[in-house]
Amino acid sequence: MHAYKENDFKIIIVDENTPFRNTLATRLRLLGFQVEFATGGFHLLHVLEKTWKYNLIIVHEDMEDMPGEEIISLVRIHKTKAELPILFISTSDIEKEICEIIVQGANEYIVKTSNYQTIVDRAQKYFTLLKNS
């Protein structure tokens, strides 16, 4: 059994919004998590082709190169929700859209606000689940 520590937990953030992405990464790194970036769907797929050794993907709704739903679908071809959790971040709070994203394969749907704490709390949740498995 592996005793997971925060610095063993690897997160990749997929977001073109540099200020949001950097602030979120800083908050996660302050907790000891390893954080990397992908600037879009194709960049994420390129990174994942090299290694699947991530513990969490945080995806912002739509990239210029690929819709968030497509990113989730392509990841789910290789990894299940249990193997690689995906947090989907969107500005929309429309219930139908939330349900569609969850059915598509996201573990959680988070409505984007200026408060990063919800996202940080979810990352800690998945770290705790991994640590206790």
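What does the extension gain come out to for GLU49 and LEU129, with contour length at 0.36 nm per residue minus their alpha carbon separation?
26.3 nm
Could you give the distance between the Cα centres of the range 73-127 and the range 5-26, to the whole Å?
Cα centroid to Cα centroid, the span is 14 Å.
With a ≥ b ≥ c taken as the square roots of the eigenvalues of the C-alpha gyration tensor of the range 69-133, please select rounded if a/c is under 1.5 and otherwise prolate if a/b is larger than b/c or oblate if it is not?
Working: a/c = 2.31, a/b = 1.08, b/c = 2.14.
Here the range 69-133 falls in the oblate category.
Remind me, what semi-axes does the range 18-82 give for its equivalent ellipsoid, largest first in whole Å, using sqrt of 5 times each Cα gyration tensor eigenvalue? Spell out each step's value before the answer.
Numbers: eigenvalues 79, 46, 21 Å².
Values for the range 18-82, descending: 20, 15, 10 Å.
ASP93 to ASP121: extension gain in nm, 0.36 nm per residue of separation minus the Cα-Cα distance?
On the way: separation 28, 0.36 × 28 = 10.08 nm, distance 1.91 nm.
Length gained, ASP93 through ASP121: 8.2 nm.
Can you compute the helix-only [θ] at 222 nm over the chain? Use -39500 (n - 2.57) per DSSP H run of at least 4 residues, normalise by all residues, nearest 500 deg cm²/dmol.
Mean residue ellipticity, 222 nm, calculated: -13000 deg cm²/dmol.
Among SER92, SER114, SER73, whose mean-square fluctuation peaks in a Gaussian network model of the chain (Cα, cutoff 10 Å)?
Maximum among the listed residues: SER114.
Given +1 on the Cβ of Lys and Arg, -1 on the Cβ of Asp and Glu, and no further charges, what dipole in debye does the range 6-131 carry about its Cα centre, rounded to the nearest 20?
The dipole of the range 6-131 has a size of about 640 debye.
Run through all the Cα pairs of the chain and give the fraction in each 5 Å bin from 0, expressed as whole percent.
2, 10, 23, 25, 22, 13, 4, 1, 0
Antiparallel DSSP bridges in the chain: what percent, to the nearest 5?
5 percent
Starting from the Cα of LYS112, draw a straight line to each of the lysines and keep only those under 24 Å, dropping any in the same chain fewer than 8 residues away.
Qualifying lysines at Cα under 24 Å: LYS10, LYS81, LYS96, LYS125.
So how far apart, in nm, are the two label points at GLN34 and SER114 if each is 7 Å from Cα heading toward Cβ?
3.4 nm
Where a number appears in this text, it was derived from the coordinates with a stated rule and is not lab data. In this text, all values refer to a predicted model and were calculated from it rather than measured experimentally. Cβ sites come from the backbone with ideal geometry, for glycine too, and all protein chains shown count toward neighbours.
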